Structure formats: structure tokens, C-alpha cells
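Novice: I have a structure here, written as C-alpha cells, and I will follow up with some questions on it.
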Amino acid sequence: MAAHRVQGLGRVSWRLLGQMRAGAGVLGGGGGVRSFSRVSYPVSHMKGGNAALAAEQSWVCCQYGSWRGYRAGWRGQEAGTGGRNTWGLLFALGGAFGVMQTLKYSLEEERAEEEEKVSGGLQLTLYQYKTCPFCSKVRAFLDYHQLPYQVVEVNPVLRKEIKFSSYRKVPILIANSASTMQLNDSSVIISAVKTFLVSGKSLEEIVSYYPGIKATNESGKEVTEYQNRYWLMLSEQETQRLYGSKEAQKEEMKWRKWADDWLVHLISPNVYRTPGEALASFDYIVREGNFGSVEGIFAKYFGAAAMFFIGKRLKSRHNLQDDVRQDLYRAANTWVAAVGKQRHFLGGSQPNLADLAVYGVLRVMEGLQSFDDMMANTKIKPWYQRMTRAVQQTPASP
């Protein structure tokens, strides 16, 4: 509908330009004073089809003004050229402004209609730390699927932005559809929203398929485990249409789990590998995060020192080599081998959820020494560049 309005506006624009061309004679002394007997209401106050009405009124004003100007032309000549020049210029600028505003309104309305169609009516708010790899995974997914969303950067010290939630980790996604839903855990968020985009199910029904179960981890800490986090809740026909084969579905699930269970644990030991790298990492974290001025100074220096030693403990916990770069390089090349030489992405010609998960995890290292070393010493760069283009530029189907 908006496209038809834009086409109509094109015709109006040409008519208006014709009037402006006639008005140009006024600037040279060959026409008369332009006067307006109708008011063209600002398009910003119009709704829906009223935008077209505003354009029509603008054109009518121009037509009538031209006729009145012709009749008053001799009086204008007697009054001198100054008044004629002023009125002609005002006429030209006013007409052009009216068309521009009307066209802008129609294009904005068309964009809103497209966003509504793509998102299925979801209004999304993401609570995150920008430098968190799990949050980066969710953003990569939402960006690739061109889902509009608002971001709330959480203060990592006070976390007052998520005081409404008993779940105290990020990412948290608030989705307003038929009702307001809170989705926790990055992989659950991705699986649930992808299921919503592909299937005809309500988000409320979909979320019920991912129950959270309280459990105690190896350290004796209570954690919440989510069942089915890597599954999309689709019918056989929907699964076949999306994946083409069960093997492709299993492959995607396998590498999504690999990104969570292994790849993400290589980030901290690598970005905090040396005191210098730890300081550079925290400088980046403070710059991109939601810190107060005092908190930022404390986090940058004391946090960097603490994470340098914590990185050593993580290296031991996850059985990493003394040179943790080697584990990062091996993981990057393992991923490239899984994609293979015959495919642009693990998903084939387009990224799948595993591509987006791996890309989201690795992306948080951009700008740091560990990222540059990985690009220079592994085969992952071509795939990573393709992913960047896909996430930032390519429209994606559900």
C-alpha cells in the first residue's frame, strides 16, 4: 500500500515541479505574485491515507496559486521585482518541502509495515552486557533476521536494570506479543524466537516447551538448566522445509552446543592472557559497558588484575594448554573444517543457528590482540568476513 502511495507521490512531484518551473518565470520578472487560498496541513499530523490527501492539497494550492499569480502579475510588475522574487522563492521552497515531507512519511510507514511483517508483531527488548559472548550470540541472531529490538545495557555491578527479574543473568529478552514474556538463556531465546518465526504457534506456547530445572553444579552452586534448548519445536513438515534433512538439523544442534560448551570458555583465558591484554580488554569493557565514572576506573584496573589471575584458573578448569592461543587456533580451524570447502556456511548458502552462535561468540574479541592473532594464524577469516556481511546486510527469511 505504501509503495502505491509513493508512486502516486511521484506523479504529484512531477506536477509540482511543473508549477515550480512556471514559477521560475517570476524570479526573472516574467510571472506574477503567487498567493495561496488553501492551507496544506503538515504531513507529520496526518495519519494513514491522509498523507495522500495532504499531497493532493499541496498540488491544488500550487495550481490555484499559479492562476492567482497570473491574474496579479501586472500589479506585481508595477510594484517592482523584489516582491516577485520573494514570493516566487517562497512558493518553490514551500512546494518542495511539502512533497519531501509527504514522501518521508510514506517511506517511514512502509518501513514500519515491513518491520511488523518480519517480526510477526513481536516487540523485543534485550537486557545485556555488550561484551558478553552469550549476549552477542542473541544480537547476531536478531540482526541477521532483521528483527527490531531495543537494547538496555545492564550495569554489571548493581544490575538495577534487571531488578524486576529473579533470574539475575544476562541476556534476558522481554517479548511483547499477545502478552509479555521473559525469555532467559541465550540458546533458549534463539530457539524459541526461531520457532516463533517458522511456525504458527504462539510465543506463550513455545516458551512452555523449554522448562527451567534447578540443579546443583560441580561447585555446589544452584543453577537453572533448560531442557530442549537446542531444539526448534516444529512439525515434521516445518522441520523438513527448514533443514532439508535430519542430518542437517543434528549438525546444527551439535555445533550450537559446541559453541556453548567449549568455544565460549576459550574467550576469557585468551583476552586476559597477559597483564597488558587484560588491561586492554577491560578498557574495552568499560568503554562499551554501563559503568559509572568511579566504577569504570575501579573495573578497568582492579578488574583487569583480577581477571588475569581468574583466567589462569579457567585455563586449569577447562584443561587448556599453557599457551591458550593454541586452543583458540585449534577451535577456529576445527570450525572451518566442519563448514568444509564446498559450503559458504555450515547452513549451506545461508548461515544457520550454529553459524550465528559461533560468530556471536568470536565477535566479542574484535579489536583485541587475541582476535587479530586468530585471524592471522587460522583459516577462519574468509568465513568470518562472509558472516559479517550476512549479519549486517543480507535480509533473511525465517
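Novice: Given a Förster radius of 35 Å and the C-beta distance between Lys379 and Val223 as r, what FRET efficiency does 1/(1 + (r/R0)^6) yield to the nearest 0.05? Mind showing how you got there, number by number?
Specialist: Working: r = 35 Å, r/R0 = 1.01.
For Lys379 and Val223, the calculated efficiency is 0.50.
Novice: Rank these by accessible area, largest first, 1.4 Å probe: Thr195, Thr274.
Specialist: Details: Thr195 0, Thr274 50 Å².
Descending order: Thr274, Thr195.
Novice: What figure in square angstrom, to the nearest 10, would you give for the accessible area of Lys315 with a 1.4 Å probe?
Specialist: Roughly 40 Å² of Lys315 is accessible to a 1.4 Å probe.
Novice: In a solvent-free Debye calculation with one equal scatterer on each Cα, what is log10 I(q)/I(0) for the range 147-210 at q = 0.12, 0.15, 0.30 Å⁻¹, listed in the order of the q values?
Specialist: The Cα Debye sum returns log10 ratios of -0.32, -0.49, -1.47.
Novice: With label points built 7 Å along Cα→Cβ from the Cα atoms of Arg343 and Asp143, find their separation and express it in nm.
Specialist: With each label placed 7 Å out from Cα toward Cβ, I get 2.2 nm.
Novice: Lys and Arg at +1, Asp and Glu at -1: add these up for the other residues within a Cβ distance under 14 Å of Val198 and post the number.
Specialist: Working: positive: Lys194, Lys201, Arg241; negative: Glu205, Glu236, Glu238, Glu252.
Counting the neighbours of Val198, the net charge comes to -1.
Novice: For the range 290-398, what is the relative contact order in percent, using Cα pairs closer than 8 Å and at least 6 residues apart in sequence?
Specialist: Here the relative contact order equals 23 percent.
Novice: Which value, in Å² rounded to 10, gives the accessible area of Trp258 with a 1.4 Å probe and all protein chains present?
Specialist: 50 Å²
Novice: Same structure again: Would you grab the residues whose amide H sits under 5 Å from the one on Tyr226? Only those 5+ places off in sequence or on another chain, please, with H modelled 1.01 Å from N.
Specialist: Ile213
Novice: Further, regarding this structure: Each residue of the range 201-209 in turn: what ³J(HN,Hα) in whole Hz from Karplus with 6.51, -1.76, 1.60 and θ = phi - 60°, glycine and Pro shown as x?
Specialist: Once rounded to whole Hz, the list reads 6, 6, 5, 4, 5, 4, 4, 5, 7.
Novice: Provide the FRET efficiency to the nearest 0.05 for the Arg241-Lys214 pair, computing r from the beta carbons and using R0 = 45 Å. Present the calculation step by step, with values, prior to reporting the outcome.
Specialist: Details: r = 36 Å, r/R0 = 0.80.
Efficiency, from the Cβ-Cβ distance: 0.80.
Novice: Write down the Å³ per residue value for the convex hull defined by the alpha carbon atoms of the range 178-298.
Specialist: Taking the convex hull of the Cα positions in the range 178-298, it is 178 Å³ per residue.
Novice: Return the equivalent ellipsoid semi-axes of the range 344-392 as a descending list in whole Å, where each equals the square root of 5 times an eigenvalue of the C-alpha gyration tensor.
Specialist: On the way: eigenvalues 73, 25, 15 Å².
Over the Cα atoms of the range 344-392, the semi-axes work out to 19, 11, 9 Å.
Novice: With respect to the cross-link table entries Lys246/Lys341; Lys201/Lys341; Lys257/Lys312; Lys130/Lys254; Lys221/Lys315, which display a Cα-Cα separation exceeding 28 Å? If you can, show how the numbers build up before the last one.
Specialist: Details: Lys246/Lys341 21 Å; Lys201/Lys341 37 Å; Lys257/Lys312 24 Å; Lys130/Lys254 26 Å; Lys221/Lys315 20 Å.
Check vs 28 Å cut-off fails for Lys201/Lys341.
Novice: Give, as a single signed number, the net charge of other residues whose beta carbon lies under 14 Å from the beta carbon of Ala280, with Lys and Arg counted +1 and Asp and Glu -1. The partial results should precede the final answer.
Specialist: Numbers: positive: Arg273, Arg287, Lys300; negative: Glu277, Asp283, Glu288, Glu366, Asp372, Asp373.
Here the count lands on -3.
Novice: Something else: Heavy-atom accessible area of Tyr329 with all protein chains present, probe 1.4 Å, nearest 10 Å²?
Specialist: We get 30 Å² for Tyr329.
Novice: If Arg256, Arg139 are ordered by their accessible area, calculated over protein heavy atoms with a 1.4 Å probe, which sequence runs from highest to lowest? Intermediate results must be reported in sequence, preceding the final value.
Specialist: Numbers: Arg256 5, Arg139 30 Å².
Final ranking, largest accessible area leading: Arg139, Arg256.
Novice: Using a 1.4 Å probe over the heavy atoms of the protein chains, calculate the carbon and sulfur portion of the accessible area of the range 183-249 as a whole percent.
Specialist: Details: 1710 of 3610 Å².
Carbon and sulfur together cover 47 percent of it.
Novice: With each label point set 7 Å from Cα along the Cα-Cβ vector, what nm distance links Ser179 and Ser202?
Specialist: 0.7 nm
Novice: Continuing with the same structure: Mind putting a number on the dipole of the range 272-386 about its Cα centre? Charges go on the C-beta only, +1 for Lys and Arg and -1 for Asp and Glu, and I need it in Debye to the nearest 20.
Specialist: Working: 15 positive and 11 negative charges, 79 e Å.
Here the range 272-386 has a charge dipole of around 380 debye.
The values are calculated or read from the model by the stated rules, or taken from the named source; none is laboratory data. Predicted, not measured: the structure shown is a model, and the values here were computed from it. Note that each Cβ is placed from the backbone with ideal geometry, even for glycine, and that neighbours are counted across all protein chains shown. The protein model used for the area step is the full one, side chains on, heavy atoms only, and it has no ligands, DNA or RNA in it. Shrake-Rupley method; radii C 1.70, N 1.55, O 1.52, S 1.80 Å.
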